[in-house]
1. Any residue that is at pLDDT 95 or above, open to solvent by 50 Å² or more (accessible area, probe 1.4 Å) and more than 25 Å from the chain's Cα centre (by Cα) - is there at least one of those in region 5-25?
2. Look at Thr143 and say whether it is of a type outside the set (A, V, I, L, M, F, W, C) and open to solvent by less than 10 Å² (accessible area, probe 1.4 Å).
3. Output the residues belonging to region 152-174 that are in a strand (DSSP E or B), farther than 18 Å from Tyr82 by Cα and open to solvent by 20 Å² or more (accessible area, probe 1.4 Å).
4. So which of Gln115, Gln134, Gln66 ends up being part of a strand (DSSP E or B), closer than 22 Å to Thr167 by Cα and open to solvent by 50 Å² or more (accessible area, probe 1.4 Å)?
5. Checking Asn368 against (1) closer than 25 Å to Ala63 by Cβ; (2) assigned to a strand (DSSP E or B): exactly one of these is not met. Which one?
6. Return the pair list, or none, for Cβ contacts closer than 8 Å from residues in region 296-308 that are in contact (Cβ under 8 Å) with a residue 24 or more places away in the chain and closer than 14 Å to Phe231 by Cα to residues that are open to solvent by 20 Å² or more (accessible area, probe 1.4 Å) and of a type in the set (D, E, K, R), at least 6 apart or on different chains.
7. Find the residue count for region 294-311, including only residues that are open to solvent by 50 Å² or more (accessible area, probe 1.4 Å) and closer than 24 Å to Arg338 by Cβ.
Amino acid sequence: MRKSYFLTVIGLLLYLSTFPNHAGNYGDQPERTFILAENITAFKSSQGAISMSFGTESTFNPASTQDCAVAALDAAHFIVVYTDLGNSSKGTVRLATVNGNSISWGTEIIFNTGQTFDISVTTLDDSHFVIAYQDWSNSYKGTAIVGSVSGSSISFGSEYIFNAAWTSEISVTKLNSSSFVVAYLDGGNSNRGTAIYGYVSGNSISYGAEYIYNTTTTAENSIIAFDATHFAIAFRDTDNAAGASVYGTLSGSSISYSSKSAFNTGTTYYVSATKLNSDQFIVAYQDASNSSKATAIVGSISGGAITFGSEFIFNGTSTSYDISAITIDESRFLVTDRDNWWKGTARVGTVSSTDISWGTNYEYTSSNPNYNAAVMLDPTHFAAVYAISSGYGTGVVGLLVEEVITWDGSTNKAWNTASNWSGD
């Protein structure tokens, strides 16, 4: 992999010099240009290889668990929401506190006493979040609720219905600290893909009108925001089973869309999207038309339209399920999934233009994880939540460690030898 090195320079600038590569210096690399000084002590690769380690798995629900969703409040706290099948399928939430690579769980709080499915969550700020879900016990209506965190306590406002018909395939994203957008399948309108704007005041929610983004049956919705007025939705267009995406623009509470753009012409499942930067995003998915391989692709926004690069397989030896994609920084992301051997795995993808290169695959559980969801906590830590083979709701913290390279301080061209490099 080509690496761009940033030097910490202390002292007098001496000269600009180009050094050829030598055998043993991290494989075949192009020439690299450095600025040298009297006292250069250490530097770090900005695009170095990333290794992962994981803490011990921790149970957040010792009963059958479904429809896990997760959102970060800050670097040390996140919210996990889920359907508690062991408690009449009630909608439930817990606050997680992270210390190093360990998780402690707050008290279980019920946010909907009826049967609750198709759950999605987004944080508004470090003490407020929105949960969107299907209220099965209330005629399957699409519903949202605002949660507030104070210390280790969670409280909720009233429930607010955003679609008074069968609602599923729900995905919600924050626009800013007081607004959000929900994408969903509207069973009361021929299963069309629909989105709606929500405005939060205190613990109250008001909605704009519903706006259709796909006129055919729509599933696997995954919505991401670019800023307070722009978002993208990736989904499966079930009329032809292909993967597609639209770009949405808000004006007040009104929504307009770009034309639909296909990211996979084959049968597509387990769609998960994540924003990279202001004009690029990632879609990860199972390509059922290509031996169900785990695949990712870069989407680019230009002039209010979406174009896609080539597809890149990240798990080519196994069928992949329950995919979750999350952003590390503007050029890197992480994907978690359940492979064909019933293990939970994670790896990092690095984007250059619209190309993706993959890091090593790491296993975070061997316990057949279902309903995977993941979230970044800070640039080096993430959390994954899932239901293991027993059905128990489980979480784990992952640590990302980037390759660090040190230099011995030589200012002579001859320093660029294997013996002058060390890394971990």
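1. no
2. yes
3. Across region 152-174, the qualifying residues are Tyr160, Ile161, Ala164, Ala165, Trp166, Lys174.
4. Gln115
5. Tallying (1) closer than 25 Å to Ala63 by Cβ; (2) assigned to a strand (DSSP E or B), Asn368 fails exactly one: (2).
6. Correct list of pairs: Ser300/Asp279; Ile301/Asp279.
7. Total meeting the criteria: 1.
Yes/no per residue for (1) modelled with pLDDT of 95 or more; (2) farther than 15 Å from Ile170 by Cβ:
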{"position": "Tyr184", "(1), (2)": "yes, no"}
{"position": "Gly202", "(1), (2)": "yes, yes"}
{"position": "Ser222", "(1), (2)": "yes, no"}
{"position": "Asp227", "(1), (2)": "yes, yes"}
{"position": "His230", "(1), (2)": "yes, yes"}
{"position": "Ala234", "(1), (2)": "yes, no"}
{"position": "Thr238", "(1), (2)": "no, yes"}
{"position": "Gly243", "(1), (2)": "yes, yes"}
{"position": "Lys260", "(1), (2)": "yes, yes"}
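The values are calculated or read from the model by the stated rules, or taken from the named source; none is laboratory data. This is a predicted model, so every value here is computed, not measured. Note that each Cβ is placed from the backbone with ideal geometry, even for glycine, and that neighbours are counted across all protein chains shown. Areas reflect the complete protein model, heavy atoms only, side chains present, ligands, DNA and RNA absent. Shrake-Rupley method; radii C 1.70, N 1.55, O 1.52, S 1.80 Å.
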